[in-house]
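Okay, so here's the structure we're looking at.
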Amino acid sequence: MAEKTAAFFAKTRWEGETAVLDLHGEINSLAEAALDAAYATAEQGNPVKIVLNFAGVDYINSTGIALIVGLLARARAAHRPIAAAGLSEHYKEIFTITRLSDFMEIQ
Amino acid sequence: MSENANPNPPRDAANWATPVDKLDVGTIPDQAMNLNVQGRRPMSPLQGFGQLWQKTYRIRLQDTAVTPQQVIAAWKANFPSFWPKGNNFYGPLQGVRPGEVAVLNLTMPGGAKLSTGVRVIYADDESFSFMTPQGHMFAGMITFSASADGRAPDASDAGGVTVIQIQALVRGSDPLYEASFRLGFGHKAEDKFWFDTLRNLAAYFDASGQEPTLTSVCVDKKVQWSEAGNIWHNAAIRSAIYLPIHFSRRLFRKS
């Protein structure tokens, strides 16, 4: 199922009991609705783990990072493991700056 | 899942600070109480003790032709001047730039002085973000942005009314701060601080008379007992202990 905004879309797929959210485009405040919808779709399937796949992402600003922090907080509150995949070196660095990497498995 | 393989540097690359383990304060004025910043680690919103809140403060600049880019340029260049009286932001002369560290001397409820800081982690033409260090009352990020006509800060439309926004994604850093937020006066002081800042910004752009609004969302209601030890770095306690020394030093320096 794909959730889309103008410059961002997210698609949820399953690898066994893991929900993978394939993220594409720009993660900024315009991505909020699509990101939330994709996450909600994943949660409905009660996955043992959620993976955010950033391979298709080409822009993240600070508002976008705040959205990801929000998802991470929701996952932690539900005791659901969450991981990040497909990060370029640049985005790995941003996850270090914001200390997201302390709380997410980076695949 | 393949790694992001785009060989070109991303468009956001220049807007982000580089990673650091600990904060390093540059040159700041003598009158600043430089405490609780040097050598402290930056704290993400996930590393605090208290409930996780997303607080969004907004004000509309009615009847002015100012663009979001003009607002952010002026805000970044003169950030301290928009703060409420009695609070000081000692940052680099160049203004708000990614990677810069600023020392804050804040007046707390009851008049007590608190020294803490922030690090600029992101800045572009329409927004900038701070991250707090250990000991700050909040653990997390605060993003300052401006947008056209209430659209998201990333919208390119420069027409219509400009809306200024401050969005904090934060937890109370330790049990003491969290108690102040649960009792109400912590949040009340924080809200007044940012409301006054927005009013000062609106007045600067000749858009007085507008009232700021606040939307608060509790993202995570649970406290994180594993982070209770953050109280060791509590800047309010450390500032209170250090204050007599600070004033003695200033007195002897003058004489």
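Where a number appears in this text, it was derived from the coordinates with a stated rule and is not lab data. Given the structure is predicted, the values throughout are model-derived calculations rather than measurements. Counting neighbours? That spans all protein chains shown, and the Cβs are built from the backbone with ideal geometry, glycine included.
Of note:
- Inter-chain Cβ neighbour average for residues B:191-204, partner chain, 10 Å: 0
- Put in order of Cβ neighbour count within 10 Å, fewest first, the listed residues B:F195, B:F181 become B:F195, B:F181.
- The residues B:Y90, B:Y204, when put in order of fewest to most other Cβ atoms within 10 Å, stand as B:Y204, B:Y90.
- Burial ordering of B:S147, A:S101, fewest other beta-carbon atoms within 10 Å first: A:S101, B:S147
- Anisotropy class of chain B from Cα gyration tensor, a/c 1.5 cut: rounded
- Shielding by partners, peptide B:38-51 (average Cβ within 10 angstrom, other chains): 3
- Across chain B, the relative contact order, built from alpha-carbon pairs under 8 Å that are at least six residues apart, equals 28 percent.
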